[in-house]
Amino acid sequence: KRQRRRRAVALQWAAFNPTRDADAMFKSRTLLALILSIGLAEPAAASPDDEVKAAIAQAISGINAHDADRATAIEAPDVVVMEADRANVVGSAADLTGFKAAFAATSGWGVRLIAETVDVATSGDFAVYRGSYHEDWLKGGAPMTHQVNFLAGLRQKGNGPWRMAWSMVAPTERAHKR
């Protein structure tokens, strides 16, 4: 990326004629310094809430791809998963098994983000994720949907990845045709 930026700067520099007057020379040097400083600057580190959103997005992409390993990759080994009208699932291995069974039994299952919010504790090692999603599936070939709330607690040890310690999914409306 940096080489492409430098090449673009070189082309802009070659197309720019600073010999017209001293003011143009000053502007050209200022422009070059600005472009080079932008190209050499290190990207800012992601904020904890952006890291949490990215981790959840990876899990959601696993659900939408029917990839149980990716859907559970952010879970802590002792995760507790709670869903309305179902027994709690304890442990990432049990949740992995549940996702595999759900993918086999439910065609067209996927989720679409409506809105999300992340609250990170002042200690920086715990976050609560709140999201609203449309959950979609096929029932007898007919596309169905309903809205669900997803609530999750994630923790981070040191500079390690965020891991989901618990989650809860609750529908906010009855299923209906999409």
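Here is how the numbers come out for the structure above:
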item	result
Difference of contour (0.36 nm per residue) and Cα-Cα distance, residue 178 to residue 90	28.5 nm
Average Cα contact separation per residue, segment 60-150, under 8 Å, 6 or more apart, as relative contact order %	19 percent
Most to least packed among 57-63, 85-91, 150-156 [average Cβ atoms within 10 Å]	150-156, 57-63, 85-91
Between segment 75-114 and segment 130-156, the Cα center-to-center distance that results, in Å	11 Å
Sequence-distant residues sharing a close amide H with residue 109 (under 5 Å, placed H)	138
Spatially proximal aspartates and glutamates relative to residue 157 (Cα-Cα < 16 Å; intrachain offsets below 8 disregarded)	49, 51, 75, 78, 125
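Every number in this text was worked out from the coordinates using simple rules, so none of it is lab data. It should be emphasised that the depicted structure is a prediction, and the values quoted were computed from it without experimental measurement. No Cβ is skipped: glycine too gets one built from the backbone with ideal geometry, and neighbour counts run over all protein chains shown.
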